1. Can residue 118 be described as away from the ligand (no atom under 16 Å from the Cβ), out of contact with any strand residue (DSSP E or B) (no Cβ under 9 Å at 6 or more places or on another chain) and of a type outside the set (Lys, Arg)?
2. Would you confirm whether any residue within the stretch 90-103 is in contact with a Lys or Arg (Cβ under 6 Å, 6 or more places away or on another chain) and within 16 Å of the ligand (Cβ to nearest atom)?
3. Among the candidates 109, 6, single out the residue that is hydroxyl-bearing (Ser, Thr, Tyr) and closer than 25 Å to residue 134 by Cα.
4. I'm trying to understand the selection: among the residues of the stretch 148-166, which are under 25 Å from residue 209 (Cα atoms), without any contact (Cβ under 8 Å) to a residue 40 or more places away in the chain and of a type in the set (A, V, I, L, M, F, W, C)?
5. For the stretch 5-21, indicate whether the set of residues that are within 26 Å of residue 145 (Cβ to Cβ) and in contact (Cβ under 8 Å) with a residue 24 or more places away in the chain is non-empty.
6. How many of the residues making up the stretch 206-224 are buried (at least 24 other Cβ atoms within 10 Å of the Cβ) and within 12 Å of residue 30 (Cβ to Cβ)?
7. Which residue out of 191, 205, 227 is farther than 30 Å from residue 9 by Cβ and not charged (D, E, K, R)?
Amino acid sequence: MTGDDTGIARDIAANFDDIRARIQKAAEKWQRDAAAVDLIAVSKRQPVELIEAALGYGHRHFGENRVQEAAGKWPALKQQFPDIELHLIGPLQTNKAKDAVALFDVIETVDRPKLARVLAREMAEAGRALPVYIQVNTGKEPQKAGVFPEDADAFITECRDNLGLDVVGLMCIPPVEEQPAPHFALLAKIAARNGLSRLSMGMSADFETAVQFGATSVRVGTALFGARDEL
Ligand SMILES: *Cc1c(COP(=O)(O)O)cnc(C)c1O
C-alpha cells in the first residue's frame with residue numbers, strides 16, 4: 001500500500017465507524033436494535049479506490065443506481081468478494097432488466113406493472129428469484145419513480161400473488177424540499193398493512209430520522225464516500 005492508499009483506507013474506515021455509531025445512537029434513542037438496520041453504502045459515481053477501501057474495511061452491502069455503470073465495476077469486485085450484496089436503487093428500464101437480474105442481488109425499485117412482469121420473467125429464466133422492494137412515490141412527484149401511495153396495495157398484491165416476485169419491503173425517496181418524517185411514516189404504514197417487514201429509507205441527510213420510523217436499511221452515499229463525480 002502506498003501512503004495515499006493508507007490515508008484513503010483510514011478516512012473511509014472513520015466514515016463507516018461514524019455512520020455506524022450514528023445509526024447505533026438513533027436506534028438506542030428509538031428503542032430499536034441497531035443490528036436490524038442494514039447500511040447500504042451507495043457507491044454510484046465514486047472512484048473504485050473508495051469502494052475497495054470500503055471492502056477492505058469489511059463492508060459488503062452496496063447500492064448503485066445505474067445498471068450500465070454498475071456493470072463496469074462490480075463483476076470484478078464480486079469475483080474477488082463473493083459475499084458482496086449489490087442493491088439496485090435507481091430506476092430500471094425494462095430493456096436492462098436481464099442485465100440487472102444477472103448483476104444485482106436485490107432490486108429496490110420495482111415501480112410499475114410492466115417492469116414487474118419483465119422482472120418476473122427474467123428471474124424465472126435466470127433461475128434467480130431476487131428479493132425486491134416496491135418503490136413508493138410518497139410525495140407523488142411527477143418526475144420521480146414509484147407507485148403512488150393509493151395504488152401501492154394493489155401493486156404489491158399483483159407483484160407478490162400474481163407474478164410471484166419475492167417482495168420483501170418498500171422503498172422511498174422523499175421530496176428534497178419537505179420534511180422526510182411524514183414520508184417515512186407513510187411508507188411504514190403501507191408496509192405494515194401489507195405484511196411487509198422491510199423498509200429501505202433514509203439517505204445521508206436523514207437516515208437517523210428513517211431509523212426512528214422503522215428503516216431496516218438506510219442508503220448512505222456522500223456521508224461515507226464524499227461528493228460524487230458530476231453526471
Ligand atoms: C444517490 C442515492 C442515495 C444516496 O444519497 P446520499 O445523499 O449521497 O446519501 C440513496 N438512495 C438513492 C435512491 C440514491 O439514488
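1. Numbers: away from the ligand (no atom under 16 Å from the Cβ): yes; out of contact with any strand residue (DSSP E or B) (no Cβ under 9 Å at 6 or more places or on another chain): yes; of a type outside the set (Lys, Arg): yes.
Spelling it out, residue 118 is indeed away from the ligand (no atom under 16 Å from the Cβ), out of contact with any strand residue (DSSP E or B) (no Cβ under 9 Å at 6 or more places or on another chain) and of a type outside the set (Lys, Arg).
2. yes
3. Values: 6 fails: closer than 25 Å to residue 134 by Cα.
Being hydroxyl-bearing (Ser, Thr, Tyr) and closer than 25 Å to residue 134 by Cα holds for just one of 109, 6, which is 109.
4. Within the stretch 148-166, just 148 meets the criteria.
5. Initial filter on the stretch 5-21 (within 26 Å of residue 145 (Cβ to Cβ)): 19.
With the extra rule that they be in contact (Cβ under 8 Å) with a residue 24 or more places away in the chain, the set shrinks to 19.
Within the stretch 5-21, one or more residues are within 26 Å of residue 145 (Cβ to Cβ) and in contact (Cβ under 8 Å) with a residue 24 or more places away in the chain.
6. Of the residues in the stretch 206-224, 3 are buried (at least 24 other Cβ atoms within 10 Å of the Cβ) and within 12 Å of residue 30 (Cβ to Cβ).
7. On the way: 205 fails: farther than 30 Å from residue 9 by Cβ; 227 fails: farther than 30 Å from residue 9 by Cβ.
From the options 191, 205, 227, the qualifying one is 191.
Conditions (1) buried (at least 22 other Cβ atoms within 10 Å of the Cβ); (2) in contact with an Asp or Glu (Cβ under 8 Å, 6 or more places away or on another chain); (3) more than 25 Å from residue 103 (Cβ to Cβ), marked per residue:
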{"residue": "129", "(1), (2), (3)": "no, yes, no"}
{"residue": "135", "(1), (2), (3)": "yes, yes, no"}
{"residue": "145", "(1), (2), (3)": "no, yes, no"}
{"residue": "183", "(1), (2), (3)": "yes, no, yes"}
{"residue": "186", "(1), (2), (3)": "no, no, yes"}
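The values are calculated or read from the model by the stated rules, or taken from the named source; none is laboratory data. This one's a predicted model, so the numbers in the text were calculated from it and none came from an experiment. As a convention, Cβ positions derive from the backbone with ideal geometry for all residues, glycine included, and neighbour counts pool all protein chains shown.
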